[in-house]
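Got a structure here, written out as structure tokens. Questions coming.
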Amino acid sequence: MSLTVTTSSVTYPIIVDDGALETLPARLAEFGLRGRLWLVSDAGVAAQFGEPLAERLRAAGREVQSFVVPSGEASKSPEQLGQLYDWLIGGGVERRDALLALGGGVVGDLAGYAAATVLRGVALVQLPTTLLAMVDSAIGGKTGINHALGKNLIGAFHQPRLVLADTATLTTLPPRELRAGMAEVIKHGVIRDAGLFEELEALAATRGWTDTGRDGFAAWAASDAARAGRLTAIIRRAVAVKVAVVNVDEREEGERITLNYGHTLGHAIEKLAEGWSLLHGEAVAIGMHAAARIAAAMGLCGEDLVERQRALLAAYGLAVAVPDGLDPEAVLATAMRDKKVRAGRIRWVLPTALGHVVVRDDVPEAVVRSALQAV
Ligand SMILES: NC(=O)c1ccc[n+]([C@@H]2O[C@H](COP(=O)([O-])OP(=O)(O)OC[C@H]3O[C@@H](n4cnc5c(N)ncnc54)[C@H](O)[C@@H]3O)[C@@H](O)[C@H]2O)c1
């Protein structure tokens, strides 16, 4: 199980540990990051983790400046990016400096894009504090902001020099965010690691979470024992899946599309469900269920896989039903407009067995429609 990203141009580790942030000063030195440090976080993590981290770095003799953006997706904007540039350039950022992105995917994407572009690129260190960021967004170098016409339309590939995920930060993460992150963990099991999926099943079974996993999982995840043991191990295993995919496809030209499992309909549902305010992971869980149903209808997998996946999502507190009032036709139409559509055909990532997926662009609309109606 490798936790090292190795592409044609870079190699960097993903360190996942309870208390990992305490080792940051030593790690920066180890990776040759000796310039000034520019710490970006959001309002949800700044007080709790940002200030203590800046103090720890200063105590180790490092020069640190901090910048706090408002929490939430709206911060991935040209305006917020402009303020980051003002802070960096106004403060005299130099090529040898490093930008530290402490937070969830919003901070990672925004600060990552600033690091990719200011002075044509400075070093980036990702310090993810949400489950989604730990297993997904902090790894692989995709950075960017939103445009008025759509999400993530402006961006760059900029690989971090180091990713340090401190699982102790998850104790303060709202349970709903934690559950949403689990959708991506389960996704990694389905697309590439049947053993991870089975480990999650075994954990849910021993803890007695079934359809009541909503509170059970989140409460357990906040415990010291979880962080020090099984949860941290599970996160490492989910990270390994992302690493393996990035290692064979840094630029999203092939294999990396498999990470999009559940996202074609998930994105469409997320976009349309604004009134219900679904979190990304919650929408992806619905998208995964619909995709598995499509796969079963195409004869690619059995109904047993659909049911096992539904049960596991439920055990970790994730619902798979399309919210009431959301029109399947509108979901389909929105998915068709998604940027991952090539030549008018959606490229579907569909499971054939646990740990295996295929990419198909020949799914009849009628099959998608009936899968959506069924969920
Ligand atoms: N770059 C990629 O490859 C990639 C992949 C997937 C998603 N994304 C992006 O990631 C973003 C979503 O990321 P997210 O789900 O992490 O959301 P987020 O960054 O908005 O964080 C969710 C909320 O949790 C709070 N928070 C973060 N860590 C906390 C902690 N430890 N304790 C308490 N509160 C905490 C934040 O303040 C925020 O309010 C989206 O913009 C999406 O486009 C990027």
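The values are calculated or read from the model by the stated rules, or taken from the named source; none is laboratory data. As the structure is a computational prediction, the values presented were derived from the model and not from experiment. Cβ: placed from backbone, ideal geometry, glycine included. Neighbour counts: every protein chain shown.
Can you list residue pairs whose Cβ atoms sit under 7 Å apart, with the first residue in region 135-159 being closer than 13 Å to A111 by Cβ and the second being more than 8 Å from the ligand (Cβ to nearest atom) and hydroxyl-bearing (S, T, Y)? Count only pairs 6 or more apart in sequence or on different chains.
From region 135-159, the pairs are T143/Y113; G144/Y113; I145/S77; I145/Y113; G155/Y113; A156/Y113; A156/T117.
So which of G90, G104 ends up being within 15 Å of the ligand (Cβ to nearest atom) and not aromatic (F, W, Y)?
None of the others qualify; the one that does is G104.
For region 217-267, what are the residues that are touching a Leu at 6+ places or on another chain (Cβ under 6 Å) and farther than 15 Å from I139 by Cα?
A218, A221
Go through the residues of region 60-78 one by one and say whether even a single one is basic (K, R) and more than 24 Å from the chain's Cα centre (by Cα).
Within region 60-78 (the criterion being basic (K, R) and more than 24 Å from the chain's Cα centre (by Cα)), the answer is yes, since at least one residue qualifies.
Which pairs turn up if I take residues in region 177-195 that are farther than 12 Å from G355 by Cβ and look for partners that are among the charged types (D, E, K, R) and assigned to a helix (DSSP H, G or I) with beta carbon separation below 8 Å, at least 6 apart in sequence or on another chain?
From region 177-195, the pairs are R179/R214; R179/E282; A180/E282; A183/E282; E184/D136.
If you check V125, V68, V93, which single one turns out to be buried (at least 23 other Cβ atoms within 10 Å of the Cβ) and in contact (Cβ under 8 Å) with a residue 24 or more places away in the chain?
After applying the criteria, what remains is V125.
Among the residues of region 226-243, which ones are at pLDDT 90 or above and within 15 Å of the ligand (Cβ to nearest atom)?
Within region 226-243, L231, T232, I235, A238, V239, V241, K242, V243 qualify.
Quick one: is R251 part of a helix (DSSP H, G or I), outside the structural domain of L53 (by TED's automatic domain parsing) and not polar (S, T, N, Q)? Outline the logic, then answer.
Numbers: part of a helix (DSSP H, G or I): no; outside the structural domain of L53 (by TED's automatic domain parsing): yes; not polar (S, T, N, Q): yes.
Judged against the criteria, R251 is not a match.
Collect the residues in region 22-51 that are in contact with a Lys or Arg (Cβ under 9 Å, 6 or more places away or on another chain) and either closer than 22 Å to S75 by Cβ or among the β-branched types (V, I, T) (or both), keeping them in residue-number order.
Of everything in region 22-51, just one residue is in contact with a Lys or Arg (Cβ under 9 Å, 6 or more places away or on another chain) and either closer than 22 Å to S75 by Cβ or among the β-branched types (V, I, T) (or both), namely L37.
Regarding L84, is this residue under 23 Å from the mean Cα position of the chain (by Cα), surrounded by 20 or more Cβ atoms within 10 Å (Cβ to Cβ) and either at pLDDT 95 or above or more than 27 Å from A233 (Cβ to Cβ) (or both)?
yes
Here's something else I'd like to know. Of all the helices (runs of 4 or more DSSP H) wholly in region 267-375, which have at least 1 residues that are closer than 21 Å to M182 by Cβ and in the same structural domain as E199 (by TED's automatic domain parsing)? Working first, answer last.
On the way: elements: 280-297, 303-315, 328-337, 365-374.
Fully inside region 267-375 and qualifying: 280-297, 303-315.
Tell me, yes or no, whether region 126-138 has at least one residue that is assigned by TED's automatic domain parsing to the domain that holds L37, over 21 Å from E51 (Cα atoms), among the hydroxyl-bearing types (S, T, Y) and within 14 Å of the chain's Cα centre (by Cα).
Yes, region 126-138 contains at least one residue that is assigned by TED's automatic domain parsing to the domain that holds L37, over 21 Å from E51 (Cα atoms), among the hydroxyl-bearing types (S, T, Y) and within 14 Å of the chain's Cα centre (by Cα).
Spot the failing condition for T169; the list is (1) near the ligand (Cβ under 8 Å from one of its atoms); (2) more than 28 Å from P25 (Cα to Cα), and only one is missed.
The failed condition is (2).
Could you give every pair whose Cβ atoms fall below 6 Å, whose first residue belongs to region 30-59 and is in the same structural domain as G90 (by TED's automatic domain parsing) and farther than 21 Å from T167 by Cβ, and whose second residue is among the basic types (K, R) and at pLDDT 95 or above, counting only separations of at least 6 or pairs across chains?
Between residues of region 30-59 that are in the same structural domain as G90 (by TED's automatic domain parsing) and farther than 21 Å from T167 by Cβ and residues that are among the basic types (K, R) and at pLDDT 95 or above, the close pairs are G35/R96; L37/R62.
Which condition number in (1) loosely packed, with under 13 Cβ neighbours inside 10 Å; (2) within 12 Å of the ligand (Cβ to nearest atom); (3) under 22 Å from M134 (Cβ atoms); (4) small (G, A, S) is the one that A26 fails?
Answer for A26: the failing condition is (2).
Output the number of the condition that A116 fails; it satisfies all remaining conditions of (1) in contact (Cβ under 8 Å) with a residue 24 or more places away in the chain; (2) out of contact with any strand residue (DSSP E or B) (no Cβ under 7 Å at 6 or more places or on another chain).
Condition not satisfied by A116: (2).
Kindly indicate whether any position in region 195-217 is assigned to a loop (DSSP other than H, G, I, E, B), within 11 Å of the ligand (Cβ to nearest atom) and not β-branched (V, I, T).
Scanning region 195-217 turns up no residue that is assigned to a loop (DSSP other than H, G, I, E, B), within 11 Å of the ligand (Cβ to nearest atom) and not β-branched (V, I, T).
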